[in-house]
Structure formats: C-alpha cells, structure tokens
Amino acid sequence: MRRGIKLIVSIAFVFLTVPVPAGEILITNASIHTLTGAGTLENADILIRDGAIAALGTDIDPSSVGKVIDASDKQVTPGLINAYTYLGVMEISQVEGTDDVSTADEQFSSAFNIFPAVNPGSTLLPHNLIHGLTHAVVAPESNQRVFAGQGIVLQLGKPSSILNKSAAMFARLGSSSSEAGGGSRASSYLKMQQALADTQEYRTNRHAVMSGNWRDLSLGVHDLEALIPVIDGNLPLVVNVHRASDIEVLLELKRQSGFKLVIAGASEAWRVADKLAEADVAVIIDPMANLPIDFDQLAARLDAAALLDAAGVTVLFTGVDFLHTHNAFLVRQAAGNAVAYGMDKTAALKAMTLNPATVFGFADQAGSLEPGKQATLVIWDGDPLEIMTLAEQVLVKGKIIPMTSRSTRLRDRYLDLDNEREIFYRK
C-alpha cells in the first residue's frame, strides 16, 4: 500500500514539473521593458500565441484568452543572457570527469568545439533558469594555446538545447597566453597573426595544400578550416585580454585582417574606449571586477562599464567575477552594480539581453520583447536590477516553466524535519 502511495505521489510530481504547453497566454498590467524603440510600457499587456509574442499594448481583450497572468506591480524583461559561461560543460571544477571546458591535447586548437560535451541535463541549468537566465554563451578555455576553440549558444529550458553549435571562436592574449607563446605575450600575438595569415593562404591554395604541394603551415587542416569563418568575418573572434596596450595591438590586427573582434575580460578597456567604439568592437565585461588580480588589470575600476557605454561601445555582461556555472544568473547583480556606478539602466538591461543576442547572432529570436519574437521572458516581483528582487515566473518559447530545480527540491525536502517521510538526514 505504501509503495502505491509513493507511486501516485511520484506521478503527480512529474506532472507538476512538466512545462505548461505553449498556447494563448496573456500577461496583464505589467511594467514591460521592451528594450526596443517602444521603451518601457507601463500597465501594459503581452499576448503570447504559439510560443511567440503576438501583441503588446494596453487594450488587449482577455475574454478569449485561455490563461491570464496578472502582473500588477511587477516588471517584465526578456530572458537574461550571460555572455561568458561554462554552463553545460562544467559541473564541479575540481572533479575532472565533470569538466570539459578545455583540452590538453595539442592536436587541435581552433578546431576544438565544446558542443559534443554539452550536457543539457546538467542540474545547473534549471538552477540558473529559475533565476531568470534563459540563454548563455558557453566558452572553451586554454592556457596552453592561443586559440581555445569554438563556443556555443545554449538556450536554457526544460529541456535545454543548443541554439548555435559554433557561435564564436575564443582565444587569449596577454599574460594569460604567455605560456602558449613560450613565455612572452609578443610571441602569442605572433602566433595569432601567423594563424590568421596562414588561414588566408590555405583558403586561397586549398587544393595545393591538400595535395602536399605547398609549404608547411603553422596549423593543421582542421584548425585552418575552423578559422576560415573568422577571417571571412562570419564568426566573431572573442579574445580574453585585459591590458589596454594588448587591446590596442588587437585593434591593429583587426584593421589589417578585417575579422569581427569581441574583447572579453577587458579590465582596462575603458582606457581605449573611443578606439573600441570607432572600430565597432563589443566588450564582454564583469562590472564588479575592480581588483588588480594581476599586472594586466591594474587599472580595473567599478565604473568601467559606464565609461565604455558612454563612449558608444557595445557592452555585454558576464556574471560576478566570472562565476561561470552555479552563479551565472548573477549577471543581473553585476548589471545592477553597473547602474549604481553610473551606467544608464536601459543600457545595463541591454548588456544582458539584446546586446549579446545581437553580437552572437540570435537577436531575431531573443533579447527584446516585440511581436514576432519568441516569448522568452521573465516576470519579476520588483525592479530586476535590485538584488532582493526574485524571478516570479519564467517563460521559454511561450511555455510556463515550473520554478523548481534540484536546489529547491532539496530545500523543500529538508525544510520540515518533523515528518514521517523516509529521509536520510535527521537533526
């Protein structure tokens, strides 16, 4: 009999945790941050049909809508995006079997792509999702080579899915790349320059190279093939670099080669903000990184994001101190601190929504709230940039996501210890 009761409870729990199918949903009376030219709509409604936003306004008739969500005194934003994470490829950094972020294999560099290692069933994905994070750029890492490889765009959900299997090429320059350059950042730069030049040479003379009738190139064929979209300007090259002088060197290389450059880390990027804006180079930054962790970051400051934005640089946010996994959702706290140190509020919201969606090529689906786009959004119980505000409800492609995760289930399991359930812990 007891087993029968357990089975019924288990079945009920399954139904409770399945996302509500997309249909017609009306969110009413909300403060809606569209992050478009329409600005913020007060006491407005969002009509969702078949997973997409069908209409926004203040006069939508709710009488024929299947489900109505009253969002009075609440705020709605697009789902949040963290522009630099390890979600899905790192569970516990100190457990080798759960860390697929990098490889020590010297056979591949730019050809290394982390997408086959992504675990859509990672417990960290629902944990971040119920805190409002709906998309993440997932990056590879390497301290042994200049080019770390290709990263992806991950759409969190129940289930999560890979939105783009090759969203950007990632590399390092500066002190963190000196090992790959034999101990000097100058050699690392030369390796990057030579790799891009050899890729151009390979593309022009592919048949001769493949036939063995050409000189030896600096990279293998797989790595050269992977870099062709970079030199064509179709794949962003995200370079993790901090020192202002290193950033200027990269800007000159971009001018020579014409690739699409994105700077990550960027503690001293504010010092060359005008040059970054002129070159149309976006910057991924943690607005709370103000400590000189090494000599490349001596000029780190809390108002760096505000200075970059004021200069016209497209700013993207990652979370607090590059916490790439369990706390990737803290990109929201980072954005709030950027506003506290002078950044415009709408600009800060865009830095974790529309800007990363635009830079990484999925702004047609996410990043803003407008008719035709996916209904992937968050209903907040207050100002989304206030640290005490909570995500009250998350929708992904029009599906209402149950606000549960492994963390909430563990919390609920041990919240009341005076019960008769078979639990494995007693006070």
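The values are calculated or read from the model by the stated rules, or taken from the named source; none is laboratory data. Everything quoted here is computed from the prediction, not taken from an experiment. Here Cβ is always computed from backbone atoms with ideal geometry, including for glycine, and neighbour counts include all displayed protein chains. Heavy atoms of the whole protein, side chains included, go into the accessibility calculation; ligands, DNA and RNA do not. Shrake-Rupley method; radii C 1.70, N 1.55, O 1.52, S 1.80 Å.
Taking residues in segment 59-87 that are at pLDDT 95 or above and open to solvent by 70 Å² or more (accessible area, probe 1.4 Å), and partners anywhere that are of a type in the set (Ser, Thr, Tyr) and outside any loop (DSSP other than H, G, I, E, B), the pairs with Cβ atoms closer than 7 Å and at least 6 places apart or on different chains are ASP70/THR28.
Residues checked against (1) crowded, with 23+ Cβ neighbours inside 10 Å; (2) farther than 19 Å from VAL249 by Cα:
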| residue | (1), (2) |
| --- | --- |
| ARG271 | no, no |
| LYS275 | no, no |
| GLU278 | no, no |
| VAL283 | yes, no |
| PRO287 | yes, yes |
| PRO292 | no, yes |
| ALA299 | no, no |
| LEU302 | no, yes |
| LEU307 | no, yes |
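Restricting attention to segment 158-176, and to residues there that are surrounded by fewer than 22 Cβ atoms within 10 Å (Cβ to Cβ) and over 19 Å from GLY361 (Cβ atoms), which single residue is farthest from the chain's Cα centre (by Cα)? Filtering segment 158-176 for residues that are surrounded by fewer than 22 Cβ atoms within 10 Å (Cβ to Cβ) and over 19 Å from GLY361 (Cβ atoms), the one farthest from the chain's Cα centre (by Cα) comes out as SER175. With respect to GLN150, determine if the residue is open to solvent by 30 Å² or more (accessible area, probe 1.4 Å) and either in contact with a His (Cβ under 8 Å, 6 or more places away or on another chain) or touching a residue at least 12 places away in the same chain (Cβ under 8 Å) (or both). Criteria not met by GLN150.
Among ALA226, ALA186, ALA195, which is open to solvent by 60 Å² or more (accessible area, probe 1.4 Å), in a helix (DSSP H, G or I) and among the aliphatic types (A, V, I, L, M)? Among ALA226, ALA186, ALA195, only ALA186 is open to solvent by 60 Å² or more (accessible area, probe 1.4 Å), in a helix (DSSP H, G or I) and among the aliphatic types (A, V, I, L, M).
Within segment 88-130, can you find the residues that are of a type in the set (Val, Ile, Thr), over 30 Å from LEU395 (Cα atoms) and open to solvent by 40 Å² or more (accessible area, probe 1.4 Å)? VAL95, the sole residue that qualifies.
With the requirement that a residue be modelled with pLDDT of 95 or more and not aromatic (Phe, Trp, Tyr), what does segment 167-191 give you? Listed by number, the residues that qualify are ALA167, ALA168, MET169, ALA171.
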